């Protein structure tokens, strides 16, 4: 019998030093011996959290395999039978950040783990157990008292079958967000979030808030400018852009400078000052006026900007951002040709900047909790290599197609080339605009309505790029967007995958099932190690048929196996872009 098995790991950092042994200077006179965690440290100056302890939990009655491990200062416990329930919420991508009414980065995933408290005398993980006067209390009451902060902790969820090793099981990883309890029944709730929640404006801003004051009055012509920063490092930091010039926002003016000279009483004299920069106008300002460092990115690739924001201005662990691998491969093929420039004059949420960038550069990122990576995918043509059908793929009674007419767009205008980056979004604050209309989606005689969308882009700087973004937008939304939901026994699909679906719930005008392409936007577990509910968005692009360049030794189309035919097509030199049967030809990607 295949008995499901769940195990939860809670991993937290631990100090690698020992109480009272150099460099730790704590003594018993300072208080109780520590538990090598921040909440019990008596010598914070020498705290070094390079070690870890991983607490493991399973449900009562489940098998308790021997899993204790210790490698140096990294400890993993045997399972404790305190697990009550695990609830998961799937990530849901907002492809290209194009759907209104959703967060730019989509719906972030998460996990809720319910556990039970129980007596615990610290038999594991306490280096000073034999030196304590008493061993009392329960696991979670003591854990909560010892760990006031969770910012560096992770939750790892394993799902599999009894008898499998952890390496054979499906694994999901989240960052610990909150702990609730224990309540009067001893229940504790741990919540984990996907790392992209760390881009929210409350947690991550670019540029970061800086406290700087103007030292004396200046008029619009003054180039001798002195400022007083609360933190002297703020005035000279060079990680807020990619240019030699540094920028400072004062009111509605952005001032440029090349460096700063420290003077007496905390003053700094700005060097190489240039007034009224980046589209703003020089103006008079008074002593003690607030100043804010301004971020400025010039002529950068979209994925390089996204990497810059995530690595430099969020707490997302760099190991989760696979720039040198999957990102470079995807972007190097599908996001070449356009560079972006933007001034960010005041602190702005990284999630908002990323959402606008994904919309304008037509790509998506999301958290893959199984791979523990943040993938990147361009909005691009894609050939599906797998077809799902009613026979054998879907759980009976689980199919549903939903239509969202409020998401439809028949015409769109993008305003670009921002004039004054300190001013609000309005048509008059942009130098250029381009409009695209899907005429066949506005035919009143056919019952179609005119539905307009205006986009104010602070990233786009070229007409060609503006036109392509509009083309991709209308290709996806000029027809009423459709969403497909189904439960599959096979959980091999991943968010971002494109598949063909042939089902009785989606037919031609003659009633025959048709094969259409759909993109996975969410994958919600239904039963551990058994079934998963997938949400898919109809995959529409600029045309219905695409081919790819085949390898030089690929067989002719007529001799190719069906799987290879799905990936490529023959070269045909027919007239007007048609195939021999007069059907529309392929486009090259």
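The values are calculated or read from the model by the stated rules, or taken from the named source; none is laboratory data. Because the structure is a prediction, the values reported are computed rather than measured. Every residue, glycine among them, receives a Cβ derived from its backbone with ideal geometry; neighbour counts consider all protein chains shown.
Take residue 409 and decide whether it is under 30 Å from residue 294 (Cα atoms), touching a helix residue (DSSP H, G or I) at 6+ places or on another chain (Cβ under 6 Å) and not in a helix (DSSP H, G or I).
Against the criterion (under 30 Å from residue 294 (Cα atoms), touching a helix residue (DSSP H, G or I) at 6+ places or on another chain (Cβ under 6 Å) and not in a helix (DSSP H, G or I)), residue 409 does not qualify.
Inside the stretch 418-459, can you point out the residues that are surrounded by 14 or more Cβ atoms within 10 Å (Cβ to Cβ), part of a loop (DSSP other than H, G, I, E, B) and out of contact with any strand residue (DSSP E or B) (no Cβ under 6 Å at 6 or more places or on another chain)?
Within the stretch 418-459, 420, 422, 423, 438, 442, 448, 451 qualify.
Any idea how many residues of the stretch 199-233 are crowded, with 22+ Cβ neighbours inside 10 Å, out of contact with any helix residue (DSSP H, G or I) (no Cβ under 7 Å at 6 or more places or on another chain) and not in a loop (DSSP other than H, G, I, E, B)?
Number of matching residues: 1.
Looking for whichever is out of contact with any helix residue (DSSP H, G or I) (no Cβ under 7 Å at 6 or more places or on another chain), modelled with pLDDT under 90 and surrounded by fewer than 20 Cβ atoms within 10 Å (Cβ to Cβ) here; the options are 101, 110. Which one fits? Show your work before the answer.
Working: 110 fails: surrounded by fewer than 20 Cβ atoms within 10 Å (Cβ to Cβ).
Going through 101, 110 in turn, the sole match is 101.
What's the total number of residues in the stretch 1-36 that are part of a loop (DSSP other than H, G, I, E, B) and in contact with a strand residue (DSSP E or B) (Cβ under 8 Å, 6 or more places away or on another chain)?
Number satisfying all stated conditions: 5.
How many residues, within the stretch 163-190, are farther than 17 Å from residue 108 by Cα and either assigned to a loop (DSSP other than H, G, I, E, B) or in contact with a strand residue (DSSP E or B) (Cβ under 9 Å, 6 or more places away or on another chain) (or both)?
19
Kindly indicate whether any position in the stretch 367-378 is assigned to a helix (DSSP H, G or I) and modelled with pLDDT of 90 or more.
No: the stretch 367-378 contains no residue that is assigned to a helix (DSSP H, G or I) and modelled with pLDDT of 90 or more.
Taking the stretch 50-77 on its own, how many of its residues are part of a strand (DSSP E or B) and either within 31 Å of the chain's Cα centre (by Cα) or under 18 Å from residue 138 (Cβ atoms) (or both)?
11
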